[in-house]
Every structure is written in structure tokens, then in C-alpha cells.
Amino acid sequence: RYAVVLAAGRGERLWPLTSTRPKPLLPLPGGETLLTRLLGQLRGLVDGVVVVVSPGWAGEATRRLLEERSFSVAYAVQPEPRGTGDAARVGVEALPRSVDEVLLVNGDLLVSRGLLEAVAEAGAPALAAVPSERPWEYGVVEADGRGCLRGLREKPMDAKPGSLVNTGVYLLPRQRLEELLAGLKPSPRGELEVTDAVAALAEEACVRVVSGDWLWMDVGRPWELIDAYRAVFEEKMRGRSEPLVEGEAEPGAVLRGPVYVAPGAVVRSHTVVEGPAWIEGEAGPLARLRPWSFLLEGSRAGAHTEIKASILMEGAKAPHFNYVGDSVLGEHVNLGAGTVTANLRFDHATVRMTLKGRRVDTGRKKLGAFLGGYAQTGINVSLLPGVRVGAYSWIYPGTVVARDVPDCSFLAP
Ligand code: TTP
């Protein structure tokens, strides 16, 4: 049995975080990425792994990271992102001839190992499903009385909370899968879909629906990254309610509740950290970190800066007088003194964002800004709820950013 991991998507909805790395390489707390976490979890469940990557820099970055971290996997290149079905076909073709079962997984999933184990042990063909509070956002799985897949319905408006949704993790017979993938036709959205092959298989065999209340998150939209960090935090801290300081907390620093300070990280004096919070970088002196602040390696929240429910990726800096709420700062972002994010509208309406050209309601009243890697703001820049600033872009001092700013551009008031 081999795993085929799909990691050749565009990750367009997660722009600008995906301008400087492919989605499966997004970092997680503790030095992992979505992909390295998943590959670690597959150890012992499969005899080998094929990772499907895109050509060019994104595929190269994936190979480089996995080599650095000593993962020995095979690669298959999907020339264009024509859909998950096309990616799976490319991956399955690259399998050694002797492989007869394929564990098919999306490379951007955040799951618990139990889910992967259950599918791997179910016997092919099988599909993993989890109950969801918002099933209408996913593919709803319908099973018959024997627990076999009867149908998959994409984003059905009438689904009830608690319905089972498709996790995109399957165990499939290699030969039949290969034939079904070769015969796929574009779906209404113009992509070749793995789900069409699975639905066709369900017509001729019992595709077992394996369900359980496992952690399962599909990290596709910007705000879901903050949720993913919360889930990883809970997994790592396992209900702990006290600080865990493996780095340094200077005299006069106040740490309350579950706060993790990693080796090499420092919380300087007169900083107040209200857990849950995860610190791999530097906080303070005189900073305030509110619940669900994540400071990755090399990042810094400086004097009179307040962080809340936000991620500062590697080397990101909010050094003086900043407010960062419900936001993500990509790697090496630098905020000028006085740059603030607004995370609540005057009318308290839910924040909307444009994803793949469509206005999408995020369902969140509190949502700040998303800044791509290496972006910089001048002093006193204001970022309105839900705006994104492209990677490498510069925002001139005093600017109010009310609209998305493309990558590598310059915005003045
Ligand atoms: P999606 O999240 O559907 O697509 P995406 O990653 O390109 O993101 P976006 O829609 O925001 O542009 O993909 C699910 C998984 O399948 C993900 O791990 C990437 C992978 N994938 C491929 O490998 N090749 C493809 O052609 C597509 C569409 C996805």
C-alpha cells in the first residue's frame, strides 16, 4: 500500500500567503508544515509515498523542504492544476507496479492520525467522513444501511449540521482507480475531480464510509489557517492550563493560562501574555499578547504592541505601537510604528472577502488583515477588516488600506 499526496494546487484562495510558498508548505506551530505533519502521520501506515507537485518554484520548494527534513518520498509532476482527479492520475501512474492499494490524501489537510489509521485499516475501497457543523460548505456523504457510499453531494444548502462530510481521504484499489481516473471528464467547474471517480466506483462496489469524530480541517481559506493553529495548539498542549516555559520569561513578565514559550524564545519584562498563546519568537518588553497569539520563530511583538488571535510567521515584526487582531502576518513582514489592523466593522456585520473573483461571506464578525511574505507598511498605516496585502508590497505611511493590494506593488494614500 502506497500513499499518493496531492500537493500541486494553486492555493489561490489563500493568496497572498501562497505567493511565497505552496499551500502544503504553510508553517504550523512547532516547526512543522501542513505537508510534513501529514507525511509524519503516514509513517507506519504505508510502504511508500508519492507526492504530486507542480512544476516550477512551488514543486522545487516542496522537494527542497522534504529533503532537508529527510523525508524519503517519490515525486510526480502535474504539468497544470487541472483538478484533483488529474493530480491523482499523475500520482497513481508514478506508483511501482506492485502497489495494489492507494491511500489518497490532499496535501493541505490537517487531520488526526486516527483518521488516517482508520481508513488505512478499513480495506479498499473506503472513504473517511466526519460530522460537520457546516456541512453545506463541503461535500456531504450519504451512506446506505450497510455503510456503503450511496452518494456525494457538493455543498448542499439543505444539509443539516452534524451531517457527514467527505474528508478527501480514500483507500482505493489501484487498478480500477487508474482506469476511472483515465476516463474522467471535466466537471461543471471545469476541473477533473477525484470525487467523480469515487462516485463511479461506488456504483460498482461497496465503498465503505468510515466515520468518526476526528480532527479534520481543510485549510483552503485564509481565516481557516488561524483555526488550524488553534487545533494544533490544543493537540500539543493537551488541556494544560499552566504556562510551559522552555525558553525564557524575564522577571516582570506575566504569563497567564496555557502559554508555551519554546526553547530560544523570550518574553521580556512587563509583557503580559494571556493564554492560549504560543511563542517561538520574542515578545516585549511592554507587549500584550491576548488569547490565540502565535509568534513563530524569529518573529517579534515589541513595545506597546497588542496581538490577538493572530499569527506572526517566521521573522514577522510588529515592533512598536501596533495592534494586530484576527490577522496573519506572512514571513518577514514588517509593520511600521502605529500600523494597526481593524478587525470589526462599525455595523458589526460579518466580514466579506473576494476569493477566486467572488465575494464570500467569511461568517466572522472579527477578522483583520492578511499580509503576504516580506510586505512592509510605513508608520500609521490602517488596514481595514478582511483586506490582503500582497507579498513584497510596500504601503506608504499614513495609508488607509481598504482594498486588496496585489503582490509586489506600492500603495500610497
Ligand atoms: P483545492 O483546495 O481544491 O485547490 P487548490 O489547492 O489549488 O486551492 P485553490 O482552490 O484555493 O486555488 O485542492 C485540494 C488539494 O488538491 C490540495 O492539496 C491541492 C491538490 N490539487 C492538486 O494537486 N492539483 C490540482 O490540479 C488541484 C486543483 C488541487
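The values are calculated or read from the model by the stated rules, or taken from the named source; none is laboratory data. This is a predicted model, so every value here is computed, not measured. With ideal geometry, Cβ positions are generated from the backbone for all residues, glycine too; neighbour counts draw on all protein chains shown. Calculation scope for accessible area: heavy atoms of the full protein, side chains included, ligands and nucleic acids excluded. Shrake-Rupley method; radii C 1.70, N 1.55, O 1.52, S 1.80 Å.
Go through the stretch 206-258 and give me each residue that's charged (D, E, K, R) and in contact (Cβ under 8 Å) with a residue 60 or more places away in the chain.
Within the stretch 206-258, Arg208, Asp213, Asp218, Arg221, Arg230, Glu235, Lys236 meet the criteria.
Being hydrophobic (A, V, I, L, M, F, W, C), open to solvent by less than 20 Å² (accessible area, probe 1.4 Å) and not in a helix (DSSP H, G or I) is the filter here; which residues of the stretch 211-237 pass it?
Selection gives Val219 alone.
Can you name every residue in the stretch 264-288 that is open to solvent by less than 10 Å² (accessible area, probe 1.4 Å) and either touching an Asp or Glu at 6+ places or on another chain (Cβ under 7 Å) or polar (S, T, N, Q) (or both)?
Once the filter is applied, which keeps residues that are open to solvent by less than 10 Å² (accessible area, probe 1.4 Å) and either touching an Asp or Glu at 6+ places or on another chain (Cβ under 7 Å) or polar (S, T, N, Q) (or both), the stretch 264-288 yields Ala265, Val267, Thr271, Gly281.
Residues to consider are Ala202, Ala228; find the one that is under 30 Å from Leu103 (Cβ atoms) and in contact with a Cys (Cβ under 8 Å, 6 or more places away or on another chain).
Ala202
Restricted to the stretch 301-322, and to residues that are within 19 Å of Gly275 (Cβ to Cβ) and either open to solvent by 10 Å² or more (accessible area, probe 1.4 Å) or at pLDDT below 95 (or both), which residue is farthest from the chain's Cα centre (by Cα)?
Glu306
Listed here are the residues, each with its yes/no results for (1) of a type in the set (S, T, N, Q); (2) on the phi > 0 side of the Ramachandran plot; (3) modelled with pLDDT under 95.
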{"position": "Gly145", "(1), (2), (3)": "no, no, yes"}
{"position": "Leu149", "(1), (2), (3)": "no, no, no"}
{"position": "Lys185", "(1), (2), (3)": "no, no, no"}
{"position": "Leu192", "(1), (2), (3)": "no, no, no"}
{"position": "Ala200", "(1), (2), (3)": "no, no, no"}
{"position": "Ser211", "(1), (2), (3)": "yes, no, no"}
{"position": "Gly220", "(1), (2), (3)": "no, no, yes"}
{"position": "Ala228", "(1), (2), (3)": "no, no, no"}
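Within the stretch 1-22, how many residues are part of a helix (DSSP H, G or I) and out of contact with any helix residue (DSSP H, G or I) (no Cβ under 8 Å at 6 or more places or on another chain)?
Residues meeting the conditions: 1.
Looking only at the stretch 352-375, which residues are open to solvent by less than 80 Å² (accessible area, probe 1.4 Å) and more than 26 Å from Arg189 (Cα to Cα)?
Hits for the stretch 352-375 are Arg364, Leu367, Gly368, Ala369, Phe370, Leu371, Gly372, Gly373, Ala375.
For residues that are part of a loop (DSSP other than H, G, I, E, B) and open to solvent by less than 10 Å² (accessible area, probe 1.4 Å), scanning just the stretch 23-51, find the one that is nearest to the ligand (Cβ to nearest atom).
Of everything passing the filter in the stretch 23-51, Leu26 is nearest to the ligand (Cβ to nearest atom).
Only one residue in Ser98, Ser70 is at pLDDT 95 or above, within 23 Å of the chain's Cα centre (by Cα) and of a type in the set (Gly, Ala, Ser). Which one?
The match here is Ser70.
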